[in-house]
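Each remark here refers to the structure printed beneath this line.
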There are 2 protein chains.
Amino acid sequence: MSFFRSRWVDVPEGVREAAAPGLPAGFRAAGVAAGIKPSGARDVGLLVADAEATTSAARFTRSGVLAAPVVVTRERARTGALRAIAVNAGNANAATGAPGLEVAARMQAAAADAVGTTPDRVAVASTGVIGVPLDAEVVIAGLGRAAAELRRDGDGDLQAAIMTTDAFEKRATLEVQLAGGAVRLCAQAKGAGMIQPSFATLLCFVQTDAALEAETADLLLGVCVKRSFERISVDGQLSTNDTAILMASGAGGVAVSPESEDELRLGQALDALLRQLALDVVRDGEGARRTGRVVVRGGHAPDVEAAARAVANSPLVKAALYGGDPNWGRIAQAVGAALPGTAPLAVDVAIEGVQVCAAGATVDADLAALGPAVAGDEVEYVVGLPGAGHETEVFFSDLGHEYVTINAEYTT
Amino acid sequence: MSFFRSRWVDVPEGVREAAAPGLPAGFRAAGVAAGIKPSGARDVGLLVADAEATTSAARFTRSGVLAAPVVVTRERARTGALRAIAVNAGNANAATGAPGLEVAARMQAAAADAVGTTPDRVAVASTGVIGVPLDAEVVIAGLGRAAAELRRDGDGDLQAAIMTTDAFEKRATLEVQLAGGAVRLCAQAKGAGMIQPSFATLLCFVQTDAALEAETADLLLGVCVKRSFERISVDGQLSTNDTAILMASGAGGVAVSPESEDELRLGQALDALLRQLALDVVRDGEGARRTGRVVVRGGHAPDVEAAARAVANSPLVKAALYGGDPNWGRIAQAVGAALPGTAPLAVDVAIEGVQVCAAGATVDADLAALGPAVAGDEVEYVVGLPGAGHETEVFFSDLGHEYVTINAEYTT
């Protein structure tokens, strides 16, 4: 199976999976088992760009409850000029107060020492359980060992060190053909759908050997995050720790100028990469059977957004998706609930291209014939609201027994 | 087990369960099996007040997708002077377009004929599956049979005729001691927690033999619905069909004047009645183990409300409640997600009276000792936000395996 497995991701021309593994030129990574995860798996990672001129961009959760590493990175790091990322899994270092901030700052300083840069060029990230003190000594010892193991092909170990309940890896190594030559674009992400957002924070680290101005990196990351990680139904969209970082080493010798054709191409490649990763996050609910996509069109942008979120977050719609049930009444109910006071609402609903509701009323559709279509891996719902001019989409996971099992039996 | 089983409902002085069953004086009810429910159970109900002077009040869903009976009752009935309610279960008559409105209007007219009043004094209500045409002939035949069976003790049959997936009855017959004498207060409700809101619409019919002005009925019902059915975490709070109706026959000979002590006492009794019924709705998720109550206090009313809703609607918090897991990190995550841009947020969290988070940071609480407390039938969470002066509460069900089974396997 190739990385680009979803029908909802268009792979741009000139983008292909790299034949050889490994990070883009100028990057090294490592992941070690420091002893935070009870399982003994890798749990401390380090990513380093060797070039002093590396540029970067970052996006963070907007939650009112921010994890310590997010606070430290936002306040003490130059997010446009990062040269390293120090990360741990197994403990989110969130809701840990002033001591937690101190631990995050010590992680930052230790990583800077280990790789020979200043703390303000190091981002820190954590993922795991909330509200449990993180042992700084354990993380710092791990970072020291990771620094000794940094390798160009260390991205697999870094991926392992950021995973928590993820059932599969979420990483890719792409080659993107630009006018100035080929560049490499890599990413390592973690996050497990709507399965356990507070535990399965989203982290996504992206590297390229193209040379980008920091403003270009920021523009591209901002646009692509909006079209990917911000369009998935993860309660954790506003988890305490969500962090996405793009770094550009320039070590490949291809410069991408602002407003150039190459900037557009690289942006399209990054867009496809992050959309597929976001879909992988949605798909990765242990036991999740299906991924849904709801598209809403209409004349009023806030209504369009509210309706799409309501459908994607409805436990009824999610359970019907799990059951392979084309129960469009639940779609109509979710839309109506999201738009109080608008009755009578002329809502249209189509499932997998078959219209089942027109102007708020049932139409004579063959629901039984829809059965096979809603039993596939990906199911698409299109909702039409009155008016035109606005459209949005949200990807969402189903709601199955494993969700309950995992979240009810996970012990603090 | 008495009707008032929750520790979160204070039973006012002078309120007791009636020794003898039956509706308040002046009311008769019936419920028959008309053939709408595939099970062959009762599915058409009729409630009638014999006195011409009966007053009433009603509250409806605010959903943008309104069921036909809600539209017809709102637009064609005098909701302050209702004398009858015609109801069916097994089909919500929602998203059924103009033909659905015609069916609801025919239900209204048929019930008026059958009981000897005008259509504008008849409310209609439906509950069941959305988007399927309702056969008017079947309902009208059922209403005719129900009219022939109207009895003072028909409230049990009426209850049966409004239930869908409810696992138990939700009704009560209370006696309320007022200065002017004792009055009777009865209610029949249906709705099954957060289990299947689009299918398990909330209906609640309340009768008293006290004499009330319509304005008094409206005031009391409005206040009490706000403190009961609007404080439970049911997606169906905005379902397509939600309807609550209070009727006062005056046949008991006790008049309750506006702004009198008796009005206060009757209001307190109605408050306790509706709060317990709302808690019963939350408790009635097939297989639901526990009911949660989140109380949020703080200085900013919209934040207090948003935080309480976010906690009550979080599938993570609900799953932890199901699992008996005192996982307060999920509470903090939900609050943070509800209040973006407020970091650092000094949030306090207490579970069953034990503080586990102070000013956003973990405190050294004995979570293991909390185990027995969170394994009971009712679990209370208190969240403190900065400031003071506002407080709210939301009651919510847990999220267990049966939710998934029911909602994934229910076939359209």
Quick one: B:Ala33 ticks every box in (1) closer than 22 Å to B:Ala251 by Cα; (2) modelled with pLDDT of 95 or more; (3) not charged (D, E, K, R) except a single one, so which number is it? (1)
Hey, any hits in segment A:71-84 for a residue that's outside any loop (DSSP other than H, G, I, E, B), polar (S, T, N, Q), under 22 Å from the mean Cα position of the chain (by Cα) and crowded, with 24+ Cβ neighbours inside 10 Å? yes
Got at least one residue in segment B:373-382 being modelled with pLDDT of 90 or more, under 16 Å from A:Ala95 (Cα atoms) and not basic (Lys, Arg)? no
Among the listed residues B:Asp366, B:Asp303, identify the single one that is over 30 Å from B:Val404 (Cβ atoms) and touching a residue at least 24 places away in the same chain (Cβ under 8 Å). B:Asp303
(1) without any contact (Cβ under 8 Å) to a residue 24 or more places away in the chain; (2) away from chain A (no Cβ under 14 Å); (3) not aromatic (Phe, Trp, Tyr): which one isn't true of B:Ala25, the others all being true? (1)
If I ask for residues that are over 17 Å from A:Val115 (Cβ atoms) and among the aromatic types (Phe, Trp, Tyr), which ones from segment A:1-48 would you list? A:Phe3, A:Phe4, A:Trp8
At pLDDT 95 or above and outside any strand (DSSP E or B), is that true of A:Ala200? no
All helices (runs of 4 or more DSSP H) inside segment A:305-407 with 3 or more residues being within 26 Å of B:Ala310 (Cβ to Cβ): A:315-323, A:328-338
Failed condition for B:Ala92, given (1) more than 14 Å from chain A (Cβ to nearest Cβ); (2) within 22 Å of the chain's Cα centre (by Cα), with all others met? (1)
Single residue of B:Ala111, B:Ala105, B:Ala147 found to be in contact (Cβ under 8 Å) with a residue 12 or more places away in the chain and crowded, with 23+ Cβ neighbours inside 10 Å: B:Ala111
Please go through segment B:124-137 and pick out each residue that is touching a strand residue (DSSP E or B) at 6+ places or on another chain (Cβ under 8 Å) and among the β-branched types (Val, Ile, Thr). B:Val124, B:Thr127, B:Val129, B:Val132
Being assigned to a helix (DSSP H, G or I), modelled with pLDDT under 90 and more than 12 Å from A:Phe60 (Cα to Cα) is the filter here, so list the residues in segment A:218-232 that pass it. A:Arg231
Go through segment B:60-74 and give me each residue that's within 19 Å of B:Pro99 (Cβ to Cβ) and at pLDDT below 85. B:Val65
Can you confirm whether segment A:27-43 contains a residue that is farther than 20 Å from A:Leu221 by Cα, assigned to a strand (DSSP E or B) and of a type in the set (Lys, Arg)? yes
All but one of (1) surrounded by 24 or more Cβ atoms within 10 Å (Cβ to Cβ); (2) within 23 Å of A:Gly298 (Cβ to Cβ) hold for A:Thr362; which doesn't? (1)
Condition set in contact with a His (Cβ under 7 Å, 6 or more places away or on another chain) and buried (at least 18 other Cβ atoms within 10 Å of the Cβ), scope segment A:298-308, selection nearest to A:Val335 (Cα to Cα): answer is A:Val304
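Yes/no per residue for (1) surrounded by fewer than 24 Cβ atoms within 10 Å (Cβ to Cβ); (2) modelled with pLDDT under 90; (3) assigned by TED's automatic domain parsing to the domain that holds B:Ala77:
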residue	(1), (2), (3)
B:Glu213	yes, no, yes
B:Gly236	no, yes, yes
B:Ser239	no, yes, yes
B:Leu246	no, no, yes
B:Leu273	no, no, yes
Would it be correct to say that B:Ala123 is of a type outside the set (Phe, Trp, Tyr), more than 14 Å from chain A (Cβ to nearest Cβ), within 27 Å of A:Ala334 (Cβ to Cβ) and surrounded by 18 or more Cβ atoms within 10 Å (Cβ to Cβ)? yes
So for segment B:364-383 (the condition being closer than 17 Å to A:Leu101 by Cβ, at the interface with another protein chain (Cβ under 10 Å from one of its Cβ atoms) and of a type in the set (A, V, I, L, M, F, W, C)), does at least one residue qualify? no
If I go through segment A:309-358 residue by residue, how many of them are at the interface with chain B (Cβ under 7 Å from one of its Cβ atoms), charged (D, E, K, R) and crowded, with 24+ Cβ neighbours inside 10 Å? 1
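The values are calculated or read from the model by the stated rules, or taken from the named source; none is laboratory data. Owing to the predicted nature of the structure, the values given are computational and were not obtained by experimental measurement. Note: ideal-geometry Cβ built from the backbone for every residue, glycine included; neighbour counts use all protein chains shown.
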